[in-house]
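Trainee: Below is one structure. I have some questions about it.
The values are calculated or read from the model by the stated rules, or taken from the named source; none is laboratory data. Note that the structure is predicted; figures quoted are calculated from it, not measured. Backbone-built Cβ (ideal geometry, glycine too); neighbour counts: all protein chains shown. Protein only, heavy atoms only, side chains kept; ligands, DNA and RNA dropped before computing areas. Shrake-Rupley method; radii C 1.70, N 1.55, O 1.52, S 1.80 Å.
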Amino acid sequence: MLLICRYLWPMPWTLLGLLAAGCVRALGGCWQCREGAIEAHGGRVAALCGRLPASMRFDAITIGHVILGKNAATLAAVRAHEQVHLRQYERWGPFFVPAYLAASAWLWLRGRRPYRDNPFEKQACACVLMAVQPAICEANTKVE
Ligand SMILES: [Zn+2]
């Protein structure tokens, strides 16, 4: 039952992610299943990401239980970070994206960095650091 809820709660975003993954496939990319996520990458995705405005470019992005990446190597490099976002989707469900965007907007209005200072990003970075270097993680996860 708990497993079903983990997948149903963020389902609206997963459906959007599947739509995006279908576009990746149509652009010549491929899919793979890893750690509870469908990962889509390759094809012309990297070229299209490169055409986005600098502030919108990404190496990978998580949309529900779907992770989109430029290529397999990029996905391997950022998988741990994106898996934290996947867990955030499981926790927040349909409210994750509004909460993420609200946090970014609040930070921007206060003159801070909407991406780097976003608490969801900080948590993802901290969790990856914790897995690699626990001492650094403790320094970066202090409550402000
Ligand atoms: Zn992130």
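Trainee: Just for the stretch 34-52: of the residues that are open to solvent by 30 Å² or more (accessible area, probe 1.4 Å), under 13 Å from Gly69 (Cα atoms) and not basic (Lys, Arg), which one is modelled with the highest pLDDT?
Mentor: Ranking the candidates gives Ile38 first.
Trainee: Any chance the stretch 63-71 includes a residue that's open to solvent by 50 Å² or more (accessible area, probe 1.4 Å), within 14 Å of the chain's Cα centre (by Cα), farther than 25 Å from Pro119 by Cβ and among the basic types (Lys, Arg)?
Mentor: yes
Trainee: In the stretch 7-27, how many are in contact with a Lys or Arg (Cβ under 9 Å, 6 or more places away or on another chain) and open to solvent by 60 Å² or more (accessible area, probe 1.4 Å)?
Mentor: 1
Trainee: Give the residues of the stretch 98-115 that are open to solvent by 30 Å² or more (accessible area, probe 1.4 Å), within 13 Å of the ligand (Cβ to nearest atom) and assigned to a helix (DSSP H, G or I), sorted by residue number.
Mentor: Within the stretch 98-115, Tyr100 is the sole residue that qualifies.
Trainee: Another question, if that's okay. Restricted to the stretch 83-94, and to residues that are under 15 Å from Cys5 (Cα atoms) and not small (Gly, Ala, Ser), which residue is farthest from the ligand (Cβ to nearest atom)?
Mentor: My answer is Pro94.
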